[in-house]
Each structure stands twice: as structure tokens, then as C-alpha cells.
1. All but one of (1) among the β-branched types (Val, Ile, Thr); (2) surrounded by fewer than 19 Cβ atoms within 10 Å (Cβ to Cβ); (3) in contact (Cβ under 8 Å) with a residue 24 or more places away in the chain hold for VAL46, so report the exception by its number.
2. Please work out which one of (1) more than 14 Å from the ligand (Cβ to nearest atom); (2) more than 23 Å from SER56 (Cα to Cα); (3) touching a helix residue (DSSP H, G or I) at 6+ places or on another chain (Cβ under 6 Å); (4) of a type in the set (Ser, Thr, Tyr) is the condition TYR185 fails and give its number.
3. When you scan the stretch 93-110, how many residues do you find that are away from the ligand (no atom under 16 Å from the Cβ) and either surrounded by 15 or more Cβ atoms within 10 Å (Cβ to Cβ) or basic (Lys, Arg) (or both)?
4. Only one of TYR174, TYR148, TYR178, TYR185 is aromatic (Phe, Trp, Tyr) and in contact with an Asp or Glu (Cβ under 7 Å, 6 or more places away or on another chain). Can you tell me which?
5. When both residues are 6+ apart or on different chains and their Cβ atoms are under 8 Å apart, which pairs have a first residue that lies in the stretch 53-65 and is under 17 Å from ALA75 (Cα atoms), and a second that is of a type in the set (S, T, N, Q) and surrounded by 12 or more Cβ atoms within 10 Å (Cβ to Cβ)?
6. Pairs please, first residue from the stretch 90-113 and over 21 Å from PHE16 (Cα atoms), second anywhere and in a helix (DSSP H, G or I), Cβ atoms under 6 Å, 6+ apart in sequence or on different chains.
7. Looking at the stretch 154-180, which of its residues are under 29 Å from ARG110 (Cα atoms) and polar (S, T, N, Q)?
8. The conditions are (1) over 24 Å from LEU9 (Cα atoms); (2) in contact with a helix residue (DSSP H, G or I) (Cβ under 6 Å, 6 or more places away or on another chain); (3) among the hydrophobic types (A, V, I, L, M, F, W, C); (4) more than 16 Å from the ligand (Cβ to nearest atom), and ALA126 fails exactly one of them. Which is it?
Amino acid sequence: MYLYMNYQLPKLDFAFDALEPAIDARTMEIHYTKHHAAYIDKLNTVMAKYPQLDGSLEELMSNIDSLGMAESDLATFRNNGGGHLNHSFFWSILGPKKSVDEVLQKRIVRTFGSVDMFKEQFSACALSRFGSGWVWLVQDASSSLKLYSTANQDSPYLQKHIPLIGLDVWEHAYYLKYQNRRAEYVSAFWNVLKLV
Ligand code: MN
């Protein structure tokens, strides 16, 4: 009997080739069916050991210090629960016609000065992330916007922050098309999440 939630790949609301040319179909397919699926498999395996845990994945990640998991399971949860949360969020904001909503755009301009200044800081943040990680625009506990990057699959929920924009800067997210040219990938991102 399984009491725990069996996590599954979320349905994509776009085809693998819908983000071309910014994100190529082959990368999209491997990223979703292999990378994201692998995080989910490992997450389900670790969660099966803790059927008493209750709450959404966001809630569990926000309270990671009180889950009572063994240390190695905690690392597995942090990496793979984060992997599932991060990728699910990422797919949800992308699309050939997706754009940052007007309210958020106004908040971005108020916080960062202008859309261009925000994009500049966002790129700098993406390029300064050494190795694998993510770039995030989040809302913190005081409802302020914050821009930062996280290593590996660390989720903003670890800091009780709510993600508003996120970009995967692991090489698996762009290497087939862009190889080492992360900056090109970052600027192409704004074609599949419009912010003007
Ligand atoms: Mn990824």
C-alpha cells in the first residue's frame, strides 16, 4: 500500500519542437523524458521510505530541516525533489507565445530600473554560476523580488522563496545546440518567455 504521492512528469502544454529555434526539439525531448524523468524516479524511491510525510512538495522543500530524513536521503530529496520542482516550474513558464505578465513586468521595472537592466543582471547571474545550476527571479518572505542563482538542483523553496522566473543553466539544457555558448542560450530564453 502506498500512502505517499507518486510523482509523475507533468503534461507539457507545448510540443518538443515548439520552442525552436531557442530550444531545439532534441534537447527538449531528452531534457523532459530523460533528465526530468530520472529526478522523479529517484524522488519517488526516497519518498517511499517516508510514507508519513504529508504536504505538497513545495511545503516539504520549504521545511527540509524538519522532515526527519536520514542524511543521505535528505540529500537525495534535496537534489531530486528540487529537480522535479525546478523542471516542472521551468516547463510551465515556457512556450512559443508565453510572456511575463504585466503585473510582474511592472514589479521588475520598479525593482531593477528597466527590463533591459533586469535582463543584463539576469544574464550576468547566469554566466557567473560556475558549473550546474539555475537562475531565479523569486519573491521573498517580505514580497520583494530577488535575483540569484542556485547550485545543482537547489530550489528557491529551500529559502521559502516563490519562483517567478527560472532558467536551467545546466549544460544538459543547452549543450547540443549551443555547446559552450551559455550567453547565447540565455538571450534566446527571452524568445520563449517574452519580456519587453
Ligand atoms: Mn535540467
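1. Tallying (1) among the β-branched types (Val, Ile, Thr); (2) surrounded by fewer than 19 Cβ atoms within 10 Å (Cβ to Cβ); (3) in contact (Cβ under 8 Å) with a residue 24 or more places away in the chain, VAL46 fails exactly one: (2).
2. TYR185 satisfies every listed condition except (1).
3. Qualifying residue count for the region: 11.
4. None of the others qualify; the one that does is TYR178.
5. That search, which allows pairs on different chains as well, returns MET61/SER155.
6. ILE108/PHE118; PHE112/PHE118
7. Answer for the stretch 154-180, where residues must be under 29 Å from ARG110 (Cα atoms) and polar (S, T, N, Q): SER155, GLN159.
8. (4)
The values are calculated or read from the model by the stated rules, or taken from the named source; none is laboratory data. If you're wondering where the values come from, they're calculated on a predicted model, not measured in any experiment. With ideal geometry, Cβ positions are generated from the backbone for all residues, glycine too; neighbour counts draw on all protein chains shown.
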